[in-house]
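Reviewing the structure listed below.
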Amino acid sequence: MKKSFFLFVALLLCIFLIGCSPLDLFLGPSGSIGITTYPTDAKIFLNNNDTGYFTPHTFTNLIKGSYKVTVTLDDISYTEIVKVYSNCPTDIYKDLLPRLEKIIIDPDFLYTEIGETRDFSKITAYYFDIDHWPTEIKLSNCSYIKDNDHAIINSEKGTFTGISKGQTKVTISYTEREFTKIDLADIYIGTFPTPSPSPEPEPEPTPELEPTGKVIITLDNLHQEYYEFLGKWSMIYVYYTITNNSNKTINDYEIYFKVICIDDSIYYDSCYKDYALSSSQSHSDYCLIDTFGKQANSVQITDFETNVYY
């Protein structure tokens, strides 16, 4: 009699730990809950009770109804209310730590001139679980392999430099815990000749004009190449001339551009030049504008700013 009583008490205790009532004995068990996490070995609580089990684990012979499932790993906790149905398994999966899905290099097409150094692309890590937001990662945290030496890469500074004309394919890999993901980037190094300025006409013997107080910037020429092997257009080389008609010396200046592409998309960009320009002096130069592989239809100067010496 005592033995039967203790067995009955033990049975009631087991039922209590998994959240069932004695009535469930008469209704009959009908479902299961399978719980998996990343990483594994997370402690499992069922209806706020410590089950003593760790992930992955499956609870069977559960009465149909709602169950509160909590998993904890160190200071990380996740809770979900799940439904158990007759003769139908219920499964839960949760990333308690970020589980790397992929990395993306944007843009994945880079270009420069021989001897020019530019910033590398933005590299972003993406995760399977929507609760873990994409994170920008540094090039120095990645490893890379190049297929040639047309370009050199400084991973600490996050830059690349053109060495010789040609194309360099770069394989970037990033490892986070046991996951390693890769993405590819193409670096194209070219030479873009500066157009020869047209000869200036001989000045007529007229009295020298007084400074007008204005700074004038005019567009001289545009240059953009199509890379057939990539199916993309290069950056736009915008050649211009700035003329200082004021009576002050320009310390530096910044030009603002508007680019309209053939697909009617519009890009805005600016170009800063640390170049001193004295009164009545002109200077010809160029700016690079990125249209991310699209062909430009027209370029306009929308505004410019100058800093002057007083």
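Values computed for the structure shown
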| quantity | calculated |
| --- | --- |
| Residue within the stretch 128-136 that is out of contact with any His (no Cβ under 7 Å at 6 or more places or on another chain), charged (D, E, K, R) and under 18 Å from residue 189 (Cβ atoms) present | no |
| Any hit, the stretch 264-272, residues being at pLDDT below 85, of a type in the set (Gly, Ala, Ser) and farther than 30 Å from residue 152 by Cβ | no |
| Single residue of the stretch 124-155 satisfying the filter (among the hydrophobic types (A, V, I, L, M, F, W, C) and assigned to a loop (DSSP other than H, G, I, E, B)) that is surrounded by the fewest Cβ atoms within 10 Å (Cβ to Cβ) | 130 |
| Residues satisfying the stated conditions in the stretch 221-257, i.e. surrounded by 16 or more Cβ atoms within 10 Å (Cβ to Cβ), assigned to a strand (DSSP E or B) and charged (D, E, K, R) | 232 |
| Subset of the stretch 54-88 that is part of a strand (DSSP E or B) and among the charged types (D, E, K, R) - its residue that is surrounded by the most Cβ atoms within 10 Å (Cβ to Cβ) | 68 |
| Of all residues making up the stretch 156-178, the number that are farther than 25 Å from residue 132 by Cβ, of a type in the set (Gly, Ala, Ser) and part of a loop (DSSP other than H, G, I, E, B) | 1 |
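The values are calculated or read from the model by the stated rules, or taken from the named source; none is laboratory data. Because the structure is a prediction, the values reported are computed rather than measured. A quick note on method: Cβ atoms are made from the backbone with ideal geometry, for glycine too, and the neighbour counts reach across all protein chains shown.
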